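The values are calculated or read from the model by the stated rules, or taken from the named source; none is laboratory data. Note that the structure is a prediction, hence the values are computed from the model and not measured. Cβ atoms come from the backbone with ideal geometry, glycine included; neighbour counts cover every protein chain shown.
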């Protein structure tokens with residue numbers, strides 16, 4: 001992207017009216033994880049937003065910038081849940097009718113979250129692409145479609161996360177790890193960071209079963225994944241957004257993937273340091289930091305992870321715990337063997 005294009009995104013981000021509804025979330029040190037990894041890890045706590053996800057930033061920015069005629073006609077969107085709740089809350093605050101199309105597989109917690117905020121829920125399709133197609137059909141009836149990620153205003157709203165990070169950590173920042181679904185969050189963060197502090201790395205983290213940005217960068221253009229794993233439903237997207245990809249291909253330094261088991265281990269890591277429960281997509285950045293640090297043998301750096309959301313059904317927590325044990329068990333077993341060996345040696349003396 002040209003410097004002028006980046007400057008335009010930065011200007012839109014600075015002007016985004018997110019604080020009419022969103023809060024500035026803390027950048028919280030994760031002491032236990034930092035000690036284990038040998039790097040300073042900071043968590044950007046977007047799970048503390050009014051809708052428990054960063055999505056309220058982009059949703060409110062888009063709706064606040066609609067014309068009076070567009071507001072009067074109502075809006076429609078498609079979402080697995082986090083963007084849906086953001087649109088519902090923003091629409092209620094601005095007095096706009098909102099129809100939210102969600103896949104039938106959306107977590108009940110997210111569906112109820114939309115309804116409790118005044119959104120009209122339409123359950124359609126088994127996945128996000130099918131819900132999206134139905135929402136676009138409804139938009140032909142006069143509703144304004146609010147894209148969940150592929151819109152410059154939405155991207156600018158999400159960019160306010162980066163604006164806060166750079167203000168909260170003005171010095172000594174090496175990399176920001178960002179969860180990736182359709183690409184709105186990472187595009188907003190990357191555009192803002194690369195305009196103001198290009199030396200900071202922006203690294204995307206995707207679930208192995210929904211790596212649409214990584215596939216697009218490798219192919220040199222947007223691709224549609226043949227299959228998408230919905231374990232981390234918040235990022236279960238088959239194709240990165242067009243606006244998002246244009247930013248990412250110029251401004252993102254690297255994209256890595258992590259397994260579902262690694263996500264569960266990261267959920268536990270976040271819990272151990274914050275006593276908060278993160279949804280799988282919300283834990284992507286922490287899982288990515290762990291893998292990246294191991295692969296590149298990083299030491300002594302300051303790394304930020306976007307803790308992007310906490311909308312998860314309680315019933316899934318048992319599965320998360322079992323999967324986390326499966327990932328960490330080899331390490332724990334090795335430590336146990338070492339401790340036992342040490343005890344045996346001391347006992348023999």
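Numerical summary
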{"read-out": "Where residue 8 falls short, out of the listed (1) assigned by TED's automatic domain parsing to the domain that holds residue 173; (2) touching a residue at least 12 places away in the same chain (Cβ under 8 Å); (3) assigned to a helix (DSSP H, G or I)", "value": "(2)"}
{"read-out": "Residue in the range 82-94 that is farther than 30 Å from residue 255 by Cα, without any contact (Cβ under 8 Å) to a residue 40 or more places away in the chain and within 23 Å of the chain's Cα centre (by Cα) present", "value": "yes"}
{"read-out": "For residue 28: the one exception among (1) free of Cβ contacts under 8 Å to residues at least 40 places away in the same chain; (2) touching a strand residue (DSSP E or B) at 6+ places or on another chain (Cβ under 6 Å)", "value": "(1)"}
{"read-out": "Enumerated helices (runs of 4 or more DSSP H) restricted to the range 192-305, each holding at least 2 residues that are on the phi < 0 side of the Ramachandran plot and touching a residue at least 60 places away in the same chain (Cβ under 8 Å)", "value": "242-251, 260-274, 284-296"}
{"read-out": "Any hit, the range 304-311, residues being surrounded by fewer than 18 Cβ atoms within 10 Å (Cβ to Cβ) and assigned by TED's automatic domain parsing to the domain that holds residue 161", "value": "no"}
{"read-out": "Boolean, residue 221 is over 19 Å from residue 307 (Cβ atoms) and surrounded by fewer than 24 Cβ atoms within 10 Å (Cβ to Cβ)", "value": "yes"}
{"read-out": "Scan of the range 38-57 for residues that are out of contact with any strand residue (DSSP E or B) (no Cβ under 7 Å at 6 or more places or on another chain) and either surrounded by fewer than 24 Cβ atoms within 10 Å (Cβ to Cβ) or farther than 14 Å from residue 19 by Cβ (or both), ordered by number", "value": "38, 48, 50, 51, 55"}
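A quick yes/no check of all residues on (1) part of a strand (DSSP E or B); (2) crowded, with 24+ Cβ neighbours inside 10 Å; (3) assigned by TED's automatic domain parsing to the domain that holds residue 310; (4) touching a strand residue (DSSP E or B) at 6+ places or on another chain (Cβ under 9 Å):
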position: 59; (1), (2), (3), (4): no, yes, no, yes
position: 63; (1), (2), (3), (4): no, yes, no, yes
position: 77; (1), (2), (3), (4): yes, yes, no, yes
position: 86; (1), (2), (3), (4): no, yes, no, yes
position: 101; (1), (2), (3), (4): yes, yes, no, yes
position: 110; (1), (2), (3), (4): no, yes, no, yes
position: 121; (1), (2), (3), (4): yes, no, no, yes
